[in-house]
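To start, the structure itself, in C-alpha cells.
The values are calculated or read from the model by the stated rules, or taken from the named source; none is laboratory data. No experiment lies behind these values; they were computed from the predicted model shown. Don't worry about glycine lacking a Cβ; one is built from the backbone with ideal geometry, like all the others, and counts go over all protein chains shown.
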Amino acid sequence: MKIMDYFMIITNILKIRKKILIAQNRGSRSHKNVELLAVSKTRPFTSIQKAMEAGQISFAENRVPEAIEKAAALPAAIDWHFIGHLQKNKIRKILPVCGTLHSIDTLELAQQINRIAGEEDLFPKIYLEVNIAEDDAKFGFSAEGIRRDFDALLALDRLKILGLMTIPKFTANPEDSRKHFAALRELGQSLSAQFSTPLDGLSMGMSNDYEIAIEEGATVIRVGSEIFGPREQAK
Ligand SMILES: *Cc1c(COP(=O)(O)O)cnc(C)c1O
C-alpha cells in the first residue's frame, strides 16, 4: 500500500465523524451516541493500525478465521465485533475474540451461543438480525418470527441483547433504505414495550447509507469502504 493511502484512512475517519455529527443534528430521531464500527474485513493489519491512529478502537470482521488471526496479531485494546453469518461449529472459536455479535439470526443459534458462553464463562453482547425488507437472499428473523421467539431469547441468561440489526439490499439510491431503517426502529420500540425490556440498540447503516440510518435512529453504523477504500469484489 502506498504512503498516501495511510493518510487517506485517517482523513476518511475524521470526515465520517463529522458527517455523523451533522446527520445527528439533522435527524429528529437520531441517537445521542452513534458508534462508528470500522469494518476491516479483507483489510491488512497496517490499515487497521492506521485507523487506530485516528482513535478508532472498534473493528468488525465477518469471517471467523480472519477475526482470530487479526485479534492475535493486533493490540488487545481493539474491541472486535462479528458481523458475518455465524455457523454453529464456529461459536466456540469466535466468542473469546469478539465481545459483540451483530448477526444472530435464529433462536437456535442464540441458544447454542448461550450454552457455549456458559461453558466458557463469557457474557457476549448480541444484536438480533432482522430481515426487515423480507429479502429472500438475506439471513435474519422475520418481524413476526422475532416476536414469537422473543420470550425464549430473553430467557438466555448469558446473552446481553443490545438491540436489532439489519442489512437492507444495496440500492443505488440510499433513500430507498430509509423505510427499512424506520421499520427496524419501530420493531425495536414495539418489542421493548410488549416485553417490558430495554432494546435501544440499532445496528444499521453502511458506507452508502449510514447518514440516513442515523437520521432514522441508528446507534451503531458499520462502515468499511468509506474508511478503507473499495474492497476487492465481495464474496
Ligand atoms: C461489509 C459489511 C459492511 C460494510 O460495508 P461497506 O459498504 O464497505 O461500508 C457492513 N455490514 C456488514 C454486515 C458487512 O458485511
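Is there any pair linking a residue in the stretch 25-43 that is in contact (Cβ under 8 Å) with a residue 60 or more places away in the chain to one that is among the basic types (Lys, Arg), with Cβ under 6 Å and at least six apart or on different chains, and which?
Pairs that qualify, where the first residue is in contact (Cβ under 8 Å) with a residue 60 or more places away in the chain and the partner is among the basic types (Lys, Arg), are Leu37/Arg222; Val39/Arg222; Thr42/Arg231.
Name the residue that is nearest to the ligand (Cβ to nearest atom), counting only residues in the stretch 208-235 that are touching a helix residue (DSSP H, G or I) at 6+ places or on another chain (Cβ under 7 Å) and of a type in the set (Asp, Glu).
Among those that are touching a helix residue (DSSP H, G or I) at 6+ places or on another chain (Cβ under 7 Å) and of a type in the set (Asp, Glu), it is Glu226.
Report, by residue number, each residue of the stretch 82-133 that is within 16 Å of the ligand (Cβ to nearest atom) and either touching a residue at least 60 places away in the same chain (Cβ under 8 Å) or among the small types (Gly, Ala, Ser) (or both).
Passing the criteria: Ile83, Gly84, Thr100, His102, Ser103, Tyr127, Ala133.
When you scan the stretch 176-186, do you find a residue that is in a helix (DSSP H, G or I) and within 28 Å of Arg115 (Cα to Cα), even just one? Outline the logic, then answer.
First, the residues of the stretch 176-186 that are in a helix (DSSP H, G or I): 176-186.
Checking which are within 28 Å of Arg115 (Cα to Cα) leaves us with 184.
The answer is yes, given that some residue of the stretch 176-186 is in a helix (DSSP H, G or I) and within 28 Å of Arg115 (Cα to Cα).
For the stretch 139-153, which positions are touching a residue at least 24 places away in the same chain (Cβ under 8 Å) and either among the acidic types (Asp, Glu) or in contact with a strand residue (DSSP E or B) (Cβ under 7 Å, 6 or more places away or on another chain) (or both)?
Phe139, Gly140, Phe141, Ala143, Ile146, Asp149, Asp151, Leu153
For (1) of a type in the set (Ser, Thr, Tyr); (2) at pLDDT 95 or above, each residue gets a yes or a no:
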| site | (1), (2) |
| --- | --- |
| Ala152 | no, yes |
| Lys160 | no, yes |
| Ser177 | yes, yes |
| Gly188 | no, yes |
| Gln194 | no, yes |
| Ile212 | no, yes |
| Ala218 | no, yes |
| Gly224 | no, yes |
| Lys235 | no, no |
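Filtering the stretch 187-200 down to residues that are more than 19 Å from the chain's Cα centre (by Cα), assigned to a loop (DSSP other than H, G, I, E, B) and not small (Gly, Ala, Ser), which residue is nearest to Gly27 (Cα to Cα)?
If we take residues in the stretch 187-200 being more than 19 Å from the chain's Cα centre (by Cα), assigned to a loop (DSSP other than H, G, I, E, B) and not small (Gly, Ala, Ser), then Thr197 is nearest to Gly27 (Cα to Cα).
Out of Gly163, Gly205, report the one residue that is in a loop (DSSP other than H, G, I, E, B), within 16 Å of the ligand (Cβ to nearest atom) and on the phi > 0 side of the Ramachandran plot. Walk me through how you get there before you give the answer.
Working: Gly163 fails: in a loop (DSSP other than H, G, I, E, B).
Sole residue among the options that is in a loop (DSSP other than H, G, I, E, B), within 16 Å of the ligand (Cβ to nearest atom) and on the phi > 0 side of the Ramachandran plot: Gly205.
Kindly indicate whether any position in the stretch 120-140 is among the acidic types (Asp, Glu) and crowded, with 20+ Cβ neighbours inside 10 Å.
Going through the stretch 120-140, the residues among the acidic types (Asp, Glu) turn out to be 120-121, 129, 134-136.
Checking the rest, the ones that are also crowded, with 20+ Cβ neighbours inside 10 Å come to 129.
The answer is yes, given that some residue of the stretch 120-140 is among the acidic types (Asp, Glu) and crowded, with 20+ Cβ neighbours inside 10 Å.
Condition first: among the β-branched types (Val, Ile, Thr) and in contact with a strand residue (DSSP E or B) (Cβ under 9 Å, 6 or more places away or on another chain). Now tell me which residues in the stretch 10-41 satisfy that.
Residues of the stretch 10-41 among the β-branched types (Val, Ile, Thr): 10-11, 13, 16, 20, 22, 34, 39.
Selection gives Ile13, Ile16, Ile20, Val34, Val39.
Contact list please: Cβ distance under 8 Å, first residue in the stretch 154-168 and more than 15 Å from Glu216 (Cβ to Cβ) and charged (D, E, K, R), second residue more than 11 Å from the ligand (Cβ to nearest atom) and assigned to a loop (DSSP other than H, G, I, E, B), pairs at least six apart or on different chains.
Listed by first residue and then by second, the contacts come to Arg158/Leu122; Arg158/Phe123; Arg158/Pro124; Lys160/Phe123; Lys160/Pro124.
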